[in-house]
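Notes to accompany the following structure.
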Ligand code: CP
Ligand code: NVA
């Protein structure tokens, strides 16, 4: 199979995203059935992480084991980009040892530079630009719940960040309406919005009013006010993002059957209230579990042959 990476949802068609969903559903059912899976038998997957992680690290490592493979977790001195040696040498050498690589890092350009030199498939486990494993999981979770994505609207309350950018891309590819309710000055850049076709752009609503964004919403979504790497802005963001919260009052603006998603980690009382995230419409733990199943599908499709 030709070498293919999982860098951003932009690179995948609706049909390919649906193949990830179908494979994820099959693998999830097989694991629940107690079947022994072998898609990664004899394979070693390296994980290079420059940022903290609970879900991404553990879901990949557990998923690799469940598919019959082995993982090597690398951080600190083993993982730094361009400090001990050029990025090219790092990518070329590690490609000789492992069959696939998962990277969580800061700058997307550095990530792409590594990918350019890698001779094995690379999966993006989050960069400052995007979080594609999360996006596939989120829409898979919504589809699993509603059975179809037709006629749905996902509302993200927060800033134009790695997670909301990913969701805007995957939603519009799948024909799902997407709304961003963001604090002034924290929306999407014109450059980012320029990436969408006219038809996709028609599905995107960008507003500073969370209530407007919530109208007709069937999937509420929130993320932390301060992403990893922005820690020095924490106090400023806490003030500026006040009111940009998924709470009971906002959820009542949406559809009666609306679900609540959050990529986690969550800060109850900041971007979302405890009663909403812990309420009956919340699917956060199913969503977190699905990270493993969708990533298993991505690894099986890109790394198993
Ligand atoms: N949602 C997510 O990517 O979680 P971690 O940062 O814990 O990996
Ligand atoms: N936007 C968050 C997502 C964490 C999963 C961050 O980048 O820290």
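Side notes on the structure shown:
- Test: residue 94 is more than 14 Å from ligand 2 (Cβ to nearest atom), crowded, with 19+ Cβ neighbours inside 10 Å and over 21 Å from the mean Cα position of the chain (by Cα): yes
- Flag: residue 276 matches the condition of being touching a strand residue (DSSP E or B) at 6+ places or on another chain (Cβ under 6 Å), modelled with pLDDT of 95 or more and within 26 Å of residue 147 (Cα to Cα).
- Residue count for the range 238-258, restricted to those that are touching a residue at least 60 places away in the same chain (Cβ under 8 Å) and either within 15 Å of ligand 2 (Cβ to nearest atom) or in contact with a helix residue (DSSP H, G or I) (Cβ under 6 Å, 6 or more places away or on another chain) (or both): 5
- All positions within the range 29-66 that are out of contact with any strand residue (DSSP E or B) (no Cβ under 8 Å at 6 or more places or on another chain), within 23 Å of residue 265 (Cβ to Cβ) and either more than 16 Å from ligand 1 (Cβ to nearest atom) or in a loop (DSSP other than H, G, I, E, B) (or both): 52, 54
- Residues satisfying the stated conditions in the range 168-203, i.e. in contact with a strand residue (DSSP E or B) (Cβ under 6 Å, 6 or more places away or on another chain) and either buried (at least 23 other Cβ atoms within 10 Å of the Cβ) or in contact (Cβ under 8 Å) with a residue 60 or more places away in the chain (or both): 168, 171, 178, 179, 180, 181
- Counting only helices (runs of 4 or more DSSP H) that sit completely within the range 204-305, those holding 1 or more residues that are buried (at least 18 other Cβ atoms within 10 Å of the Cβ) and within 13 Å of ligand 1 (Cβ to nearest atom) correspond to 284-303.
- Among the residues of the range 115-122, none qualifies, meaning not one is out of contact with any helix residue (DSSP H, G or I) (no Cβ under 8 Å at 6 or more places or on another chain) and outside any helix (DSSP H, G or I).
- Cross-chain or 6+ apart pairs with Cβ under 8 Å, the range 116-141 first and free of Cβ contacts under 8 Å to residues at least 60 places away in the same chain, then within 12 Å of ligand 1 (Cβ to nearest atom): 127/104; 127/162
- Top-ranked residue of the range 136-156 - restricted to ones that are closer than 18 Å to residue 20 by Cα and touching a strand residue (DSSP E or B) at 6+ places or on another chain (Cβ under 7 Å), ranked as surrounded by the fewest Cβ atoms within 10 Å (Cβ to Cβ): 145
- Within the option set 95, 71, being within 16 Å of ligand 1 (Cβ to nearest atom) and touching a residue at least 24 places away in the same chain (Cβ under 8 Å) holds for one residue only, 71.
- Whether a residue is more than 16 Å from ligand 2 (Cβ to nearest atom), more than 17 Å from residue 75 (Cβ to Cβ), surrounded by fewer than 19 Cβ atoms within 10 Å (Cβ to Cβ) and without any contact (Cβ under 8 Å) to a residue 12 or more places away in the chain was assessed, and residue 109 passes this test.
The values are calculated or read from the model by the stated rules, or taken from the named source; none is laboratory data. This one's a predicted model, so the numbers in the text were calculated from it and none came from an experiment. Using ideal geometry, Cβ is built from the backbone for each residue, glycine included, and neighbour counts are taken over all protein chains shown.
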